[in-house]
Amino acid sequence: MYPKILIISFKIPTEQMGEKYDLEGVEFSLVTQDYSEALSMAGAIPLVMPYLESRKNDDQYIKEFLKEADGVILPGGSDIDPALYNSYPQKNLGNISPERDQWELKILKLAMEMKKPILGICRGFQLININYGGTLKVDVCGNSSESKIPHMALMVPKDYKTHELEIKANTRLAQVFSDEQVAVNSYHHQAVDKVGKGLTVSAVAPDGFVEALEDPNYPYLVGVQWHPEMMAAADQTQLNLFKDFVDFVDQARNKDDN
């Protein structure tokens with residue numbers, strides 16, 4: 001049997017998509033197709049979990065949902081409410097969804113209680129850092145940018161290699177990528193500032209911005225700032241990250257069954 005990985009989707013309100021399809025008043029659950037394709041190529045069955053307003057405070061219901069999955073992916077998306085890291089709305093803060101933040105943080109906490117393997121991508125990576133008490137830089141791409149690297153590189157194809165990574169030794173990512181030279185795409189304008197307590201930095205960009213975090217004391221918790229799911233179809237190196245996640249999930253599941 002294939003391991004099952006839960007991808008957390010998010011709600012799109014009718015004012016953003018409903019009118020486009022002449023469906024006024026209709027809301028949507030959205031997650032990009034690349035996550036499912038990458039997981040499928042890595043040997044897993046992707047499952048999608050929608051935001052459920054009626055169950056947002058029902059921990060037992062969410063746990064039952066999580067029991068159906070062997071691992072969890074927290075995907076990319078909109079900016080995170082700065083109130084979650086003791087900050088304030090600032091210039092260049094993008095759209096936020098506090099209800100999504102609270103929903104995904106609850107799922108993250110409950111998944112960790114259940115020791116589910118977790119992979120966070122872009123926004124999901126930032127949310128993991130906040131959950132561990134870390135903070136974010138609200139914007140790193142404005143006129144006062146600290147770097148010449150265009151971290152929000154929307155002008156190039158989704159799998160374009162915007163910058164290289166410096167992989168830190170003795171980390172899970174060092175095992176995944178071995179001695180390979182790794183370059184990644186870049187679609188973020190927020191970035192990790194203070195690293196959360198208990199997390200280890202496993203990769204940085206050439207300008208020093210944190211690109212990956214992991215918890216060495218948790219069975220499997222890895223977060224990456226780039227979008228490997230967008231690169232996996234054309235880049236075996238990026239697919240290897242999903243294969244490592246799925247392989248771990250599969251081994252952990254088989255161990256629990258024995």
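The values are calculated or read from the model by the stated rules, or taken from the named source; none is laboratory data. Here the structure is a predicted model, which is why all the values come from computation and not from measurement. Backbone-built Cβ (ideal geometry, glycine too); neighbour counts: all protein chains shown.
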- Going by the structure shown, is Ile80 in contact with a strand residue (DSSP E or B) (Cβ under 8 Å, 6 or more places away or on another chain), of a type outside the set (Lys, Arg) and modelled with pLDDT under 90? no
- Item | Residue, surrounded by the most Cβ atoms within 10 Å (Cβ to Cβ), within segment 7-42, restricted to residues that are under 18 Å from the mean Cα position of the chain (by Cα) and among the small types (Gly, Ala, Ser) | Ala38
- Query: Taking the stated definitions as given, is Glu64 in a helix (DSSP H, G or I), of a type in the set (D, E, K, R) and either touching a residue at least 24 places away in the same chain (Cβ under 8 Å) or out of contact with any strand residue (DSSP E or B) (no Cβ under 7 Å at 6 or more places or on another chain) (or both)?
  - Reply: yes
- Looking at Glu104, Glu211, which is the one that is part of a strand (DSSP E or B), crowded, with 16+ Cβ neighbours inside 10 Å and at pLDDT 95 or above? Glu211
- Item | Residue selected from segment 43-65 under the condition farther than 30 Å from Asn185 by Cα and hydrophobic (A, V, I, L, M, F, W, C), by the criterion surrounded by the most Cβ atoms within 10 Å (Cβ to Cβ) | Ile62
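Quick grid of which residues meet (1) over 17 Å from the mean Cα position of the chain (by Cα); (2) more than 18 Å from Asp235 (Cα to Cα); (3) acidic (Asp, Glu):
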site	(1), (2), (3)
Gly120	no, yes, no
Leu127	no, yes, no
Ile130	no, yes, no
Val140	yes, yes, no
Ala169	yes, yes, no
Asp179	yes, no, yes
Gly198	yes, yes, no
Ser202	no, yes, no
